[in-house]
Every structure is written in structure tokens, then in C-alpha cells.
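Bear in mind that the values in this text are calculations on the coordinates, not laboratory data. Values in this document were obtained by computation on a predicted structure and should not be read as measured data. Using ideal geometry, Cβ is built from the backbone for each residue, glycine included, and neighbour counts are taken over all protein chains shown.
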Amino acid sequence: MKKDFKNLVSTFKNSIKTWDYFVNWNKVFSNSSELEIILNKLNYLLGKQNLKEEFLKLYSSNPDIVKALPVLLAIREKNIEFFDSETKKSIFFNFNKIGDKNANEYYTFIEKTGLNKLFKEDGVKNLVDYVIGVEVGLDSNGRKNRGGTLMENVVEAYVSKFCEERGLEYLIQANAKRIKDKWGFSVVVDKSSRSFDFAIYNPKSKKVKLLEVNFYNGGGSKLKAVCGEFKSLYSELKKQNIDFIWITDGLGWNTTLRPLEETYNNNDYVFNLNMIEGGVLRELKW
């Protein structure tokens, strides 16, 4: 297989965001539906000018309404500590325990956090719809986690199809124990915690190939460290007659080309997504 480092770096992708990267709608609607009954009860308070009186009345027959107060502030935690700058004391609210505080204390929570404005001021017509919006915002924090597995998900689509076509088997997040248990194949790793993104096994040749995948939008010292790590890992696995395949991509590499080129020249198999899409896996001996 002819190597061409210029081709590798010139075909790096700018983004691999998939359609489901932005919002996990199932989670959003699941979380909001859990509170839908309570939120509809709280809808009664919208637009009320005598809010405290109406809240105390509603709470007396429906104490569970306080369970929804944290999410109205876009907070996931149910056990919350506040520091009162006037009294210089901490105040604790446990919204998992109905009746943890009395009605007046809960109203103080509403007033001090500014939630009274949400109920009094014209604008919010339905708290169920409002919380769906809050959940979308909170879910954006989950993008970091989804982004961490995007490259793995993209590559798995190719690995899965390729293995099906060739009669191969594969594991995701494969450590030495899982590989041994699944195929009886021994891999000596440099770290006891070492887990490979993919292990592909050929039941006919009884051989395993190990894959690591990653995508970098930004540069930094980490990229140089990764190059050094995978260069050493390649050498260790080669001694065991195991092929190590590194699939990497992203424009972040443009800031760290020299270490990447050194690893590219040292390792037999360093690919990007464009090469995977072009069928480079079919060119390997399995």
C-alpha cells in the first residue's frame, strides 16, 4: 500500500457532526413528560398577581408541585445548597423530600431565585412548553459526551458493514480480557486499563487487528502525546504479530503535522475517514 502523507492531511474533515448530535429529543421529551402533571398544576399560578397567596393555597393540596422548581431554574440537582449573603448562612433544600420545608420557605425560594417573575410577568403561557425549552438547553451540555463518541459511531458504521461482508467479527471498547474471553486470543498491553476502540477478528486466520479512532477540531500538546503513544503501541503490538490501525481526522492536526508525519511514517496503518470511505480496509490482509 503506497503511503501519501500529503493526501492524508489534505483530506481531513472539518466536522463529523451527525443529525442526532445537536439535541437528544427522546431525553428532552422523556424528562419533561415526567413532570407534566406537576407543571400543569403550576400553570394555575401563571399571571397571578397575588402569587404568594395562590401558591400557599395550591401547595396545601398539592405539595408535590415543589418537585418542579429546580428545573424551572434549569437545574438538574434536587438537593441544593444556597448561601444567604445577608445571614451569612447556608440554606438547604431537598426537592426529593416533599415537605422538607414549609410552604412559606418554599415561597421564599421562589422569590429569592426570581421565579416569581416567571409566574407574574406576562410572557410564559405554559410551563410544559417552557420546560421543554429548558431541557433542550440543558441537553446541550450533553453534546460534549456525544462529541466524544462521534468518531467511534462514524467508524463503526463502516466496520460493521465491512465485517458483515467479509465474515469477520468485531468488538467495541475491547480490552485484553474481553478479547481473550470472546476469541481466546491473547493480547499483551502496555496498560492494564488499555481498551481499544475496536478489535476485529478473522475466525479463519485466527488473527486480530486492533483499532483506535479519534477526531480533533483543535490543536494542542495532547495531539503530540497521542502520536508518541500510538507510535509505541504500534511497536509493542507488532512484536506480537498484531496489526494496529489508527484512524484519525480533524483540522486540529494542521497545528501538529510534524509528530503526525513521524508516526505516519513509522506505523503501517494510519488512515483518515476519507480513506475509510474509499475502501482502504479492503486493501488490507485479513
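Annotations for the structure displayed:
- Theoretical FRET efficiency, 1/(1+(r/R0)^6), r = Cβ-Cβ of Arg194 and Tyr44, R0 51 Å, to 0.05: 0.35
- Two-site FRET efficiency, Lys3 against Lys222, from Cβ-Cβ distance with R₀ of 35 Å, rounded to 0.05: 0.90
- With R₀ fixed at 25 Å, the C-beta to C-beta distance from Asn26 to Asp64 puts the FRET efficiency at about 0.50.
- Whether region 25-141 is rounded, prolate or oblate, judged on the alpha carbon gyration tensor where a/c under 1.5 counts as rounded: oblate
- DSSP beta bridges in the chain [antiparallel fraction, %, rounded to 5]: 65
- Paramagnetic reach from Arg166 in region 242-286 [backbone N under 11 Å; point 7 Å along Cα→Cβ]: 280-286
- Here Rg and Dmax of the Cα atoms in Å was computed from the coordinates, and among (1) 17.1, 50; (2) 27.3, 79; (3) 19.7, 63 the match is (2).
- By DSSP, the beta bridges lying fully in region 139-283 are antiparallel in about 50 percent of cases.
- Additional length obtainable on full extension of the chain from Asn265 to Trp19, 0.36 nm per residue less Cα span: 85.1 nm
- Its Cα gyration tensor gives region 96-222 an equivalent ellipsoid; the semi-axes, largest first and in whole Å, are 51, 18, 15.
- Amide N proximity, region 205-248 versus Leu257 label position 7 Å along Cα-to-Cβ, cut-off under 20 Å: 215-228, 248
- Packing, as the average of other Cβ atoms within 10 Å across residues, places the peptides 127-133, 203-209, 246-252 in the order 246-252, 127-133, 203-209, highest first.
- Restricting region 1-94 to GluC sites (Glu not before Pro) that sit in a DSSP loop and have at most 15 other Cβ atoms within 10 Å of their own Cβ leaves Glu77, Glu86.
- In a DSSP loop and with at most 16 other Cβ atoms within 10 Å, the chymotrypsin sites (Phe, Trp or Tyr not before Pro) in region 1-91 are Trp19, Tyr21, Phe22.
- For region 213-258 and region 71-121, distance of Cα centres in Å: 49
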